[in-house]
Number of protein chains: 2
Amino acid sequence: MTDDSTNQENARKWTIYDIAREAGVSTNTVSKVFNRKSGVGPETRKRIEEIIQRVGFAPHIGARGLRAKQNACIGVSVPAPFDVAPVSQSFLLWMFALLYRVFSVHGEYICFDLSPFTARGEVDYARGIFEQLFKACVLVGPLALDDKRIHQVHKSGIPYMVLGRLDALPECSSAAVDYVTGAYLSTQYLLRRGHTRIAMLKAFQGYQPGIERLRGYGRALEEAGLPVDKSLIHNVKFGAKNVTSVVEDMLQDRSVTALIESSATEDGASVREGLRRAGRQPGRDIEIVSWTYKENASVLREEAAHLWLPVREAAEEGIGRLADWIYGRQNGPIQVLYQPVLRETAGEEEIEKPRRLFETLE
Amino acid sequence: MTDDSTNQENARKWTIYDIAREAGVSTNTVSKVFNRKSGVGPETRKRIEEIIQRVGFAPHIGARGLRAKQNACIGVSVPAPFDVAPVSQSFLLWMFALLYRVFSVHGEYICFDLSPFTARGEVDYARGIFEQLFKACVLVGPLALDDKRIHQVHKSGIPYMVLGRLDALPECSSAAVDYVTGAYLSTQYLLRRGHTRIAMLKAFQGYQPGIERLRGYGRALEEAGLPVDKSLIHNVKFGAKNVTSVVEDMLQDRSVTALIESSATEDGASVREGLRRAGRQPGRDIEIVSWTYKENASVLREEAAHLWLPVREAAEEGIGRLADWIYGRQNGPIQVLYQPVLRETAGEEEIEKPRRLFETLE
DNA sequence: CTGTTAGCGCGTTCAA
DNA sequence: TTGAACGCGCTAACAG
């Protein structure tokens, strides 16, 4: 819908057929000239190039893709609803800058799929692939344990990369951090310091990173000959502001002397408030290991140690490999797995309270 | 290029023809079912819907667009090279959040054109329109004074919006701030305070916002019966870190007693350093009006006044109007023009040093 | 070196 | 209610 001033003198879209008629040649020849292919005489080529230039011809990208079986864009899609996906503003921006660095030299279109998630996380995050708009796709964030769509993405043959693994599809193209080892290291550290009742604050209920945490936690306890007490494990969601109350609740049990803060909210202030409300004092009656995406940074000054999850680093390598896959320099699928690093906290700066992916959603 | 494991069992892409054969009907019928059109018997419809569901059919977006003349994405493109376009990280992120808010309910694809600019700013920022990938387009940032492409964009008839005006195309669809008035108000303010030798630090050489600054500046001087001394006007680029040295240079002339800092770099620290090197002391031998995109914030504590450019506010209204245009609730083109506001500085917080659009480019 | 022809997958027209 | 045929704009195979 346009008003008269724009409607009446709409520029006619030139097609390859128009150019051919103008130049007195066939469409085939025009196509060859435009795509810089051989088999056209120099003066014919020049004449056609001039017309293309003059009328500002640009081929219809849909028709071109239809015929040549090449899709138009590099896709970016988020497989999880926002309340489970901890995609921070800074991460998103960082990712965009990375995509820019890698793909702008190729003149790519970077296409974000804004297909809206319902409360049940039901929207198809992969439609850009199956509608054949995406020539490749980055899936930002974790997959649900019962995700089925990813199997089809995998079989589609287009280059893709998930920032996260999936048990149900071990050959999945991914760049991730090993959360099993992360939970294992965190638990083992606290066991060695004499704790036997170790609570865990975790996120990603129903998603792969959640199950990985449980697995590593269980493995360390098993090695120490201790049972897993499910009442020690508590979940938080990213949307709900309940870190404080969950921490308060879980520490009512005075037998609990240690806490693994693996919610990845990086929300030190809320944890601190929960500790205060529970009447706990870190270093005296509680020891904490907290998880962070930032190297050499603590979530909480009072923590005993922190675990660094090199998600950015894994993603960076993954994007590079994805580009290699797209441009035929290397085969897929991608298998990048970075190991987390546990480090005792000693004067590192605290992370500022992170902000959600889209402020406006709250 | 894929390795064997993915190659061998690539899922066959189902076409509307495959579905038709499977259901024992014609493609026409399948098309009607998929697009929820009438003229199909209920049991036929149901049978086809089940097949579509089972095989996960998704239509080829290119073929669909080709036939139905509907393009796939909302495009975002930056018409100016990065050294002249002051698109900050935070602005980009803010813009993305806004696009999310407006377009996610419609399930749109948001497509950024990463076509790389040469040093001469030569790449076509509008290719997504003419390749018929974009159904609408947001052009982020100013246009060059001699821009020709925008005329074709305008005539193409697709909804578009530029964050900036253009003299050469007054009917251009735009959401902008009136820099002429901004420069006029700034100059008039300093004239009233008794200054006659007013220097101007500006950006956007060769771009519309640059010429608007000169026009407003000249108009105020003319009204005061003063001549324009071109030696008082200095340009900076965003890429080069030369704010400091330009400020130092321009204030060597001791007859200059006032400065309009309209570079829009919001780089208070560099200005301060330039003042120091020139041996100037704000409030004693120099008075400054600085321009900012943030309301109620100063670029420099020592400035006499600041001019707020409500670019975000204009853009927000513009995006809303663009959506109205796209979805037929309103006609285009868009004409949004916000007025800047001059305010004497009194204890506002200073803006932190902003960061460039893409850190990695420097 | 150049033209003819076919067909990519879809939606639409027209006929049955 | 359904199907056959056509064409959107382009590229590729083949023929001259």
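Bear in mind these aren't lab numbers, they're just calculated from the coordinates by the rules spelled out. A quick note: this is a predicted structure, and the numbers were derived from the prediction, not measured. Methodologically, a virtual Cβ is constructed for each residue, glycine included, from the backbone with ideal geometry; neighbour enumeration extends over all protein chains shown.
Estimated from the Cβ-Cβ distance and a Förster radius of 41 angstrom, the FRET efficiency linking A:Ser38 and B:Asp146 is about 0.70. The HN-Hα couplings worked out from phi for segment B:299-314 by the Karplus form 6.51 cos²θ - 1.76 cosθ + 1.60 (θ = phi - 60°) are 7, 9, 3, 7, 5, 7, 8, 10, 10, 8, 9, x, 5, 4, 5, 5 Hz, whole numbers, x standing for Gly and Pro.
Residues A:Arg219, A:Arg254, A:Arg213, A:Arg280 in ascending order of nearby Cβ atoms (within 10 Å, fewest first): A:Arg254, A:Arg219, A:Arg280, A:Arg213. For chain A, the residue among A:Val140, A:Gln205, A:Gly194 whose Cα projects farthest onto the positive side of the dipole built from Cβ charges is A:Val140.
For segment A:265-341, chymotrypsin sites (Phe, Trp or Tyr not before Pro) meeting the loop criterion (DSSP other than H, G, I, E, B) and having at most 12 other Cβ atoms within 10 Å: A:Tyr327. Here chain B is treated as a Stokes sphere of Kirkwood radius computed over C-alpha pairs; at 37 °C and 0.692 mPa s its diffusion coefficient rounds to 140 µm²/s. Among the GluC sites (Glu not before Pro) in segment A:61-131, those located in a DSSP loop and surrounded by at most 14 other Cβ atoms within 10 Å of their own Cβ are A:Glu122. Full extension of the segment from B:Tyr327 to B:Arg254, taken as 0.36 nm per residue of separation minus the current Cα-Cα distance, would add 20.5 nm. With a cut-off of 14 Å on the backbone N, no residue of segment A:148-185 is near the modelled label site 7 Å out from A:Gln205 along Cα-Cβ.
Divided by 2.2 N^0.38 Å, where N counts the residues, the Cα radius of gyration of the protein assembly as shown comes to 1.10. Using the Cβ of A:Val228 as centre and a radius below 11 Å, the other residues enclosed give a net charge of +1, where K and R count +1 and D and E count -1. Cross-link pairs exceeding 26 Å in C-alpha to C-alpha distance, out of A:Lys155/B:Lys69; A:Lys135/B:Lys237; B:Lys135/B:Lys155, comprise A:Lys155/B:Lys69; A:Lys135/B:Lys237.
What does the helix-only formula give at 222 nm for chain B: each DSSP H stretch with n ≥ 4 adding -39500 (n - 2.57), the total divided by the residues, and the result rounded to the nearest 500 deg cm²/dmol? Numbers along the way, then the final one.
Numbers: 13 runs with 133 residues, N = 362.
Roughly -11000 deg cm²/dmol at 222 nm, from the helical runs in chain B.
Given +1 at the Cβ of Lys and Arg, -1 at the Cβ of Asp and Glu and no other charges, the dipole of segment B:104-178 around its Cα centre is 120 debye to the nearest 20. Between copies, A:Glu344 shows label-point distances of 6.0 nm, shortest first, with the point placed 7 angstrom from Cα along Cα to C-beta. Toward the positive end of the charge dipole of the protein assembly as shown, with +1 on the Cβ of Lys and Arg and -1 on the Cβ of Asp and Glu, the farthest Cα among A:Val30, B:His60, B:Trp291 is that of A:Val30. For trypsin sites (Lys or Arg not before Pro), the sites in segment A:18-58 that DSSP calls loop and that have at most 11 other Cβ atoms within 10 Å are A:Arg36, A:Lys37.
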